[in-house]
Amino acid sequence: IASGQREHVAYIELFRGLAIILIVLGHCYTLAGGYFDDRNLPPVMSWQYVVPTLIDGGTSYFVFISGFLYRQVFFGRIAYGDFLRKKALYVGLPYLLLASPVALAEIVTGIFYVTAVKDGQPYPDSPFIEFVALMATGRMVTAYWYIPFAMLLFAAAPLFDRFIRLKSAWRRLAVLGAFLALALWLHRPASNLDPVHSLLYFTNVYLFGLLFWEHRHRLMPLLVRPPVLLLLAGAAVSVAAAQVFLQHSVGNLERGAGDGLWPLGFDYMLVQKYLAILFLCGFLARWGHLFAPPLRFMARISFGVYFIHGIIIAVLSTVHSPWVKW
């Protein structure tokens, strides 16, 4: 690779295309009328619930890829202020333009409302407070919660730079381990409505992406071996099955406001996604060329798909159709 030329990592490009497909599939479960909701699960679980558990939680893929690309593309190449301006222009502005009308529509129609409270007394309904609440959480459209969280992730870039510059491999592993332990205890926020909570939960995956980039030349020769791929695939399916049959849950384990600080159970999903990330990197590096054209196309349009798929799902959810379970 010539000096100053950025390496093209084909399996990450394909991974990006596959990730957006899996994320959209995971969000389409809402069209099943809560079929995979833990409250509607049967007393005796079956293997059909392992499949959505494997598909769900695709956010970890995007966060891993973001960490990988930050280390490859941005670290040491762009000033912090320029980095934030770039993200504000290409991520924040589309969010503002697309989310604001939907937020206002929800406020006007009364679909969403909040009441401010001071000294125990409720204030009159405030459209301004409602608008700020919606924009700060991304509550107005499925998947839009990711943008407020991502902006916090971008703002934390100097902290990630310090992590990258740590000379001791043990210190890096200790930091990664600490954030992983925090996530396993903390779990995802209920309905993904707390950006700070999401930042604390997903930081370990972002750090993993940073480290994976640096050690990719040592990891990939191992990950592309068929026996290793078979082992990783079996391990990921086994962890998903353990969640379904032992924990009797499907999808992400979430911590709500009323759950306190007690452990809610083991976060099988996060462990499964680590195994799946390793498997998919190896699988796509070895056999990704077989699926390259469609996955590259999805990678190119992934940004647009992300922003519009939630709106399309919301529209479909309001249309009576024989294939939608109400």
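Computed quantities for the displayed model
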read-out	value
For residue 277: the one exception among (1) buried (at least 20 other Cβ atoms within 10 Å of the Cβ); (2) in contact with a Leu (Cβ under 8 Å, 6 or more places away or on another chain); (3) in contact (Cβ under 8 Å) with a residue 40 or more places away in the chain	(2)
Some residue of the stretch 281-297 being open to solvent by 60 Å² or more (accessible area, probe 1.4 Å) and assigned to a loop (DSSP other than H, G, I, E, B)	yes
The stretch 131-144, residues that are open to solvent by 20 Å² or more (accessible area, probe 1.4 Å) and within 13 Å of residue 103 (Cβ to Cβ)	131, 132, 133, 135, 136, 137, 139
Total residues in the stretch 56-101, condition open to solvent by 30 Å² or more (accessible area, probe 1.4 Å), among the aliphatic types (A, V, I, L, M) and under 30 Å from residue 237 (Cβ atoms)	1
Meets criteria (open to solvent by 60 Å² or more (accessible area, probe 1.4 Å) and in a loop (DSSP other than H, G, I, E, B)) for residue 217	no
Tally, over the stretch 282-318, of residues that are of a type in the set (A, V, I, L, M, F, W, C) and more than 13 Å from residue 10 (Cβ to Cβ)	13
Criterion (modelled with pLDDT under 90 and hydrophobic (A, V, I, L, M, F, W, C)) met by exactly one of 305, 319	319
Test: residue in the stretch 12-24 that is farther than 28 Å from residue 269 by Cβ and modelled with pLDDT under 95	no
Residue count, the stretch 260-274 (criterion: in contact (Cβ under 8 Å) with a residue 24 or more places away in the chain and over 15 Å from residue 62 (Cβ atoms))	7
Close pairs from the stretch 36-59: first part of a helix (DSSP H, G or I), partner at pLDDT below 80, Cβ under 6 Å, at least 6 apart	40/34; 52/36
The stretch 219-269: number of residues that are farther than 26 Å from residue 287 by Cβ and of a type outside the set (Ser, Thr, Tyr)	25
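The values are calculated or read from the model by the stated rules, or taken from the named source; none is laboratory data. Predicted, not measured: the structure shown is a model, and the values here were computed from it. FYI the Cβ positions are ideal-geometry reconstructions off the backbone, even for glycines, and counts take in every protein chain you see. Heads up: the accessible areas ignore ligands, DNA and RNA and are worked out on the full protein's heavy atoms, side chains in. Shrake-Rupley method; radii C 1.70, N 1.55, O 1.52, S 1.80 Å.
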